[in-house]
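The values are calculated or read from the model by the stated rules, or taken from the named source; none is laboratory data. These numbers come from a predicted model, not from an experiment. Here the Cβ is made from the backbone with ideal geometry for all residues, glycine too, and neighbour counts use every protein chain on show.
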Amino acid sequence: MPSPSRTAFGLCPLGFLDLSPPELVTQAARAGFASVTVRTRPAVPGGPAYPMQPGDALFEHTRRCVQDTGVAVQMVEQVGLSRDTQAASLRPMLEAGRALGATRVLCSGDDVDFALVAERFAALCDLAAEHGMSADMEFMKFRAVQTLEDALQVLRLAGRPNGRVVVDALHLFRSGGGAENVRAAPAALISSVQLCDAPLASPGDDQLAQEARQARLPIGEGELPLRALLDATPDGALVEVEVPFGDARAGWPVERRLALLAESTRRFLAGHLGEASAA
Amino acid sequence: MVRSPHLRSLAYLSVGDSAGPVEVIEACAAAGFDGVGLRLAAPLGLELAHPVVGRPATVRAIRAAAAHTGVRVFDGEVITLTPDTNVADLLPLLSTLAELDCPLMQITSEDPEWHRAVDNFARLCEQARRFGVRMAFEFMRWRSVKTFEDALALVEQAGQPNGGIVLDALHLSRSGGSPAAVAAAPRERLLYVQLCDAADPVPQTGPALIAEARGARRYPGEGSLWLDALLDVLPPGIPISLEVPQPPSGLPLRERVRRGAASLDAWLARRPARAA
């Protein structure tokens with residue numbers, strides 16, 4: 001059922017990775033986001049991230065901004081699960097995340113051996129459980145865990161009560177999924193939905209990573225059936241916006257980009273924007 | 001021909017409701033305009049013939065047409081301040097302006113309470129600034145903010161960096177203003193000029209003035225306004241929006257728009273010699 005009472009939404013850092021977590025929190029607050037995800041670990045080796053641990057300067061600054069603005073840190077990212085992943089090394093990341101108030105840690109599956117991914121995922125779940133957090137698996141067509149069903153399979157293999165999935169709209173549709181796949185999944189396993197828009201047509205499998213990382217559109221500017229996705233999203237799931245601009249707007253001031261994203265999302269959640277109301 | 005230092009845009013009223021935004025943008029591109037004005041908010045008591053706000057497919061089509069032609073959406077019209085103005089209600093409009101990458105929004109006032117109008121304008125500017133939009137106040141003799149001096153006082157009292165004035169040559173003339181009155185104003189408050197000419201005699205009644213503004217403007221150089229003197233006192237290169245509504249003539253849209261561009265360009269080309 002549609003959830004007209006859903007009004008709060010969060011901001012993913014992709015597209016805004018030049019902002020440190022304190023800046024991200026402050027700017028998100030100004031634009032009207034209720035929460036943020038902070039990237040404290042790179043998504044790819046050598047990629048941008050803001051590692052921190054409780055007590056260090058970046059952590060303290062971030063914590064003050066969270067207190068001052070009321071913007072919650074919902075999630076910390078990102079853990080690419082592979083043969084080399086050692087859960088114990090992630091402890092400082094989770095400690096800092098938990099101390100900032102985060103209840104989720106985001107991961108992806110980067111090995112085609114799902115048994116291995118599930119084993120690493122189970123270890124991450126156990127570490128997250130120690131911190132009162134869930135471990136959320138994000139599937140992407142251009143990683144090993146490609147589809148919602150892949151992610152659910154990893155969850156089953158791992159068998160941990162705090163293992164969940166993140167549904168990114170672009171990854172869902174580009175991996176051949178749709179709202180019906182989300183509806184078919186156990187509601188309790190859908191941790192969050194990350195919204196963006198895009199043309200309906202895929203740019204081609206070799207372009208998917210590029211599209212996902214730097215060419216998304218605000219809700220309403222593309223053709224993805226986002227209304228159907230939102231309707232299929234369980235009420236308790238976190239709704240976030242993830243839009244790295246790929247056009248000239250990438251050069252806009254942060255404030256202007258965030259104002260546009262917040263307002264288009266607010267209108268969409270209020271039912272005023274999206275394919276259903278298209279002229 | 002020497003390229004004009006002015007951005008040249010076509011005001012909404014020059015074509016009115018006769019065509020939708022995409023068709024107008026394409027006509028502007030064919031005629032050589034740099035920008036186009038769109039009616040994004042209905043004047044009080046009117047309905048929009050071509051709604052844009054809240055129509056994602058329309059916004060997409062306008063964005064695509066602008067990108068494809070290089071004609072930018074230069075300004076939107078028109079917000080009217082009233083006693084009931086609620087700034088939060090205007091956020092979808094401001095967001096749409098950002099979606100269209102439109103930098104300017106016209107605003108006028110029908111609020112008889114000066115301080116409330118100043119306050120609403122200031123708060124609207126604060127919100128608009130987040131979306132990268134400047135608010136351009138338009139004075140008209142038959143509205144609450146009637147003269148250039150009124151508009152400048154309101155904008156200055158609101159004290160917002162993105163608040164300014166759109167200077168309509170006809171409204172300046174018909175409200176008793178002149179280029180001399182504009183010359184002393186702070187440059188940064190003069191956002192753009194809406195250019196047209198008009199003939200003598202000056203209408204003497206309210207209805208006659210309104211009828212003139214909506215139906216009897218002329219192309220620059222074809223009337224008796226002091227347009228050269230006006231441009232001389234404005235910032236060099238100030239953007240020009242050509243606002244000359246055309247009577248029903250049976251001419252195709254593209255031909256009407258082409259004539260407007262040709263007339264503006266011819267007038268601009270004559271200017272340096274005159275202005276010397």
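Output the residue which, of all residues in the range B:252-276 that are modelled with pLDDT under 90 and aliphatic (A, V, I, L, M), is farthest from B:Ala216 (Cα to Cα). Residue satisfying both the conditions and the ranking: B:Ala276.
Report yes if some residue within the range A:235-257 is buried (at least 19 other Cβ atoms within 10 Å of the Cβ), without any contact (Cβ under 8 Å) to a residue 40 or more places away in the chain and not basic (Lys, Arg); otherwise report no. Checking the range A:235-257: not a single residue is buried (at least 19 other Cβ atoms within 10 Å of the Cβ), without any contact (Cβ under 8 Å) to a residue 40 or more places away in the chain and not basic (Lys, Arg). Take the conditions more than 14 Å from chain B (Cβ to nearest Cβ), more than 17 Å from the chain's Cα centre (by Cα) and modelled with pLDDT of 95 or more and apply them to A:Pro186. Does it pass? Criteria met by A:Pro186. Would you tally the residues in the range A:265-279 being facing chain B (nearest Cβ under 7 Å) and modelled with pLDDT of 95 or more? Final tally of qualifying residues: 0. Please work out if B:Phe74 is touching a strand residue (DSSP E or B) at 6+ places or on another chain (Cβ under 9 Å), away from chain A (no Cβ under 14 Å), closer than 13 Å to B:Arg254 by Cβ and not in a helix (DSSP H, G or I). So B:Phe74 does not fit the description; no.
Taking the range A:213-233 as the range and being part of a helix (DSSP H, G or I), modelled with pLDDT under 95 and out of contact with any Gly (no Cβ under 6 Å at 6 or more places or on another chain) as the test, only A:Arg213 passes. Under the condition of being out of contact with any strand residue (DSSP E or B) (no Cβ under 9 Å at 6 or more places or on another chain) and within 18 Å of A:Lys141 (Cβ to Cβ), which residue from the range A:213-246 is farthest from the other protein chains (Cβ to nearest Cβ)? Looking at residues that are out of contact with any strand residue (DSSP E or B) (no Cβ under 9 Å at 6 or more places or on another chain) and within 18 Å of A:Lys141 (Cβ to Cβ), I get A:Arg213. Would you please name the residue that is farthest from A:His272 (Cα to Cα), looking only at residues in the range B:77-89 that are without any contact (Cβ under 8 Å) to a residue 40 or more places away in the chain and within 14 Å of chain A (Cβ to nearest Cβ)? Among those that are without any contact (Cβ under 8 Å) to a residue 40 or more places away in the chain and within 14 Å of chain A (Cβ to nearest Cβ), it is B:Ala88. Residues that are in a helix (DSSP H, G or I), crowded, with 22+ Cβ neighbours inside 10 Å and touching a Pro at 6+ places or on another chain (Cβ under 8 Å) within the range B:14-45 comprise just one, B:Ser14. Tell me, which residue of the range B:46-71 that is away from every other protein chain (no Cβ under 11 Å) and not in a helix (DSSP H, G or I) is surrounded by the fewest Cβ atoms within 10 Å (Cβ to Cβ)? My answer is B:Glu47. When A:Leu11 is tested against (1) in contact with a helix residue (DSSP H, G or I) (Cβ under 6 Å, 6 or more places away or on another chain); (2) loosely packed, with under 14 Cβ neighbours inside 10 Å; (3) among the hydrophobic types (A, V, I, L, M, F, W, C), only condition (2) is not met. Taking the range B:227-264 as the range and being of a type outside the set (A, V, I, L, M, F, W, C), more than 17 Å from B:Tyr192 (Cα to Cα) and in contact (Cβ under 8 Å) with a residue 60 or more places away in the chain as the test, the residues that pass are B:Pro245, B:Gln246, B:Arg254, B:Arg256, B:Arg258, B:Gly260. Checked against the criterion of being buried (at least 21 other Cβ atoms within 10 Å of the Cβ), modelled with pLDDT of 95 or more and more than 22 Å from A:Glu138 (Cβ to Cβ), the candidates A:Thr62, A:Thr26, A:Thr69 yield just one match: A:Thr62. Given the structure, is B:Leu100 under 12 Å from B:Ala128 (Cα atoms) and within 12 Å of chain A (Cβ to nearest Cβ)? Spelling it out, it is not the case that B:Leu100 is under 12 Å from B:Ala128 (Cα atoms) and within 12 Å of chain A (Cβ to nearest Cβ). Here B:Val244 meets the list (1) assigned to a helix (DSSP H, G or I); (2) of a type in the set (Val, Ile, Thr); (3) in contact with a strand residue (DSSP E or B) (Cβ under 8 Å, 6 or more places away or on another chain) almost entirely, failing just condition (1). The residues in the range A:72-107 that are among the acidic types (Asp, Glu), closer than 19 Å to A:Ala118 by Cα and at pLDDT 95 or above can be counted, and the count is 1.
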